[in-house]
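Notes follow once the structure below has been shown.
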């Protein structure tokens with residue numbers, strides 16, 4: 001596409017493709033292929049330079065910044081001619097090596113061209129700023145175009161999946177991978193936006209709203225699911241201001257002609273521990289801070305909360321504001337999304353009441369009775385607020401917390417509780433309420449997105465929490481990183497192993513390449529019998545098991561016997577760690593403190609019984625069919641087809 005043809009993208013054109021003038025200048029730039037090399041550099045990784053000599057396995061290069069260096073021949077890499085600068089598909093390069101790839105991505109990023117193809121994949125570099133490349137003009141510009149007919153973009157990947165679905169009559173999936181902070185969630189939203197828009201174009205015009213019916217069209221509702229789920233499922237981490245703390249697989253269903261028919265969402269691994277604990281540079285879920293903006297003063301009154309996050313210690317252990325996030329604007333989006341999705345007024349206020357109740361849980365205080373270990377309430381004001389918001393009796397709740405009824409044999413007996421035991425019970429209950437409410441919202445969203453229209457195919461979009469290596473890594477990071485290991489194994493198998501097997505079947509003369517990406521050792525270490533998860537489950541069955549006994553079992557079973565399991569060597573000043581795992585993305589030090597409690601996370605059944613009789617219908621419903629054993633959910637969808645965004 002020339003400059004004239006690029007006009008169909010409007011103002012976004014300059015962010016998508018370099019102008020013809022620049023392309024012509026690059027083709028006419030002098031270039032000596034025999035001496036143009038990249039050389040390894042400790043500070044910049046690689047520098048451009050001119051090869052002066054090669055001798056005895058050494059190479060002398062004069063860098064473009066005037067420095068002359070002598071390095072091993074293996075540390076220099078041939079450069080591509082200038083005509084390949086900012087190339088849109090790196091598979092077209094003459095020399096495809098690490099510095100050439102990095103240089104191309106860097107040059108494109110400097111021009112705010114954040115999407116680049118690499119053969120089958122689309123690589124995106126997070127700009128950490130808004131770019132005008134996602135509006136309806138750009139959607140129209142990519143619609144119906146083959147990949148080679150338009151510049152690299154997530155919309156092109158999306159449209160190709162849509163066209164393949166229609167022509168091949170097969171379901172498709174878009175797999176979005178990357179480490180934490182890479183921009184997966186934003187690109188997921190853009191993919192959903194594209195399918196919702198294009199699918200709606202293929203059907204009749206939007207119907208006029210009908211009184212008493214759902215407020216938004218199906219297209220609007222699919223898009224609106226994101227701000228609601230982000231408010232309750234995203235938070236600031238050390239690496240990312242808007243990190244998804246859960247995984248989701250979204251299916252967009254279409255009719256035989258490509259008309260948008262319905263959608264559904266599966267979620268995985270909500271990090272419920274964030275409700276009660278955050279590191280110093282992190283924040284809890286966005287919704288808490290949105291509610292406290294005071295944008296809706298009537299909500300402050302209804303939830304009995306203030307505008308000061310520090311009044312709620314459970315959600316103010318880290319940061320309370322995020323520079324890149326406007327909590328007022330985000331709350332408006334969340335509140336509007338609830339209406340667009342069709343939640344009733346009762347459901348809406350119930351969601352907010354339960355959220356407020358969770359915040360108040362952190363202010364509950366208990367003290368030890370004189371000359372006893374028994375806990376008793378240290379004041380009832382906070383409990384009264386929680387009970388009011390949850391539709392239960394305050395005195396009954398406090399009694400159930402301090403003197404729960406437990407089953408011993410065939411009899412129910414009252415069991416006294418210490419202050420730490422009550423505090424743990426309070427923490428477990430508010431995490432449970434938050435998680436169950438989140439999962440219920442997903443179920444309700446799915447009910448409202450299921451229009452019962454005829455559907456033939458779907459396109460799935462996977463967005464999971466990216467690989468995480470923090471200073472402090474706990475059970476949540478192990479679960480996230482394990483999921484990423486499984487996903488990467490799937491990716492490697494389909495893209496490298498199966499592809500090469502296909503070459504053999506077709507009789508292509510091909511020497512099999514081992515990409516060195518066999519992740520089985522780390523995956524088996526985590527999930528096999530007597531692996532980390534298995535030992536954790538086993539320890540949870542022993543009443544006297546401790547963090548120390550768990551650590552000792554892990555070391556006895558794996559240290560020195562499995563290369564992927566190592567003794568940690570944390571740097572001075574870093575958090576304590578108990579074992580290290582060699583993951584595909586790097587070695588991670590894990591701290592196992594509290595893993596047994598996190599895995600068991602027992603609920604106070606006496607309080608749960610109060611929830612089941614709550615006058616707040618949503619809360620009663622959440623605990624209506626509570627089973628004593630935790631339901632096990634699959635970590636990742638079992639089958640995906642192949643449209644990748646790396």
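Rule-based calculations on the coordinates, nothing more; no lab input. Note that the structure is a prediction, hence the values are computed from the model and not measured. Neighbour counts run over all protein chains shown; Cβ positions are idealised from the backbone, glycine included.
Measure off 7 Å from each Cα along the Cα-to-Cβ vector at residue 566 and residue 324, then give the distance between these two points in nanometres to one decimal.
About 3.0 nm, to one decimal.
What FRET efficiency would be calculated for the residue pair residue 149, residue 74, taking the C-beta separation as r and a Förster radius of 51 Å, to the nearest 0.05?
Using R0 = 51 Å, I get an efficiency of 0.80.
Classify segment 4-57 from the C-alpha gyration tensor, please: rounded if a/c falls under 1.5, else prolate or oblate depending on whether a/b exceeds b/c. Write down the numbers at each step before the final one.
Working: a/c = 5.67, a/b = 2.26, b/c = 2.50.
Judged from the Cα gyration tensor, segment 4-57 comes out oblate (a/c at least 1.5, b/c at or above a/b).
Based on the mean of other beta carbon atoms within 10 Å per residue, what is the order of 379-385, 568-574, most packed first?
Top of the packing list down: 379-385, 568-574.
For segment 397-453, treating each Cα as an identical point scatterer without solvent, what Debye log10 I(q)/I(0) comes out at q = 0.15, 0.17, 0.26 1/Å?
The computed values of log10 I(q)/I(0) come out as -0.63, -0.70, -1.00.
Need one word for segment 366-479: rounded, prolate or oblate. Basis is the Cα gyration tensor (sqrt eigenvalues a ≥ b ≥ c); a/c below 1.5 gives rounded, then a/b vs b/c decides. Intermediate results must be reported in sequence, preceding the final value.
Details: a/c = 2.60, a/b = 1.83, b/c = 1.42.
Verdict is prolate for segment 366-479.
Computed from these coordinates, which is Rg and Dmax of the Cα atoms in Å: (1) 38.1, 133; (2) 29.9, 94; (3) 28.0, 90?
(3)
Which length gain, in nm to one decimal place, applies between residue 407 and residue 617 when the Cα-Cα distance is subtracted from 0.36 nm times their residue separation?
72.9 nm
Can you tell me how much longer the chain between residue 370 and residue 388 gets when fully stretched, taken as 0.36 nm per residue apart minus their C-alpha distance, in nm with one decimal?
3.5 nm
Would you calculate the separation in nanometres between label points at residue 452 and residue 549, each defined as 7 Å from the Cα along the Cα-to-beta-carbon direction?
About 5.5 nm, to one decimal.
Once you place label points 7 Å from the Cα toward the Cβ at residue 493 and residue 302, how far apart are they in nm?
4.8 nm
Using a 7 Å offset from Cα along Cα-Cβ at residue 52, what residues in segment 62-80 end up with backbone N under 15 Å from the label point?
Flagged as within label range: 62-72.
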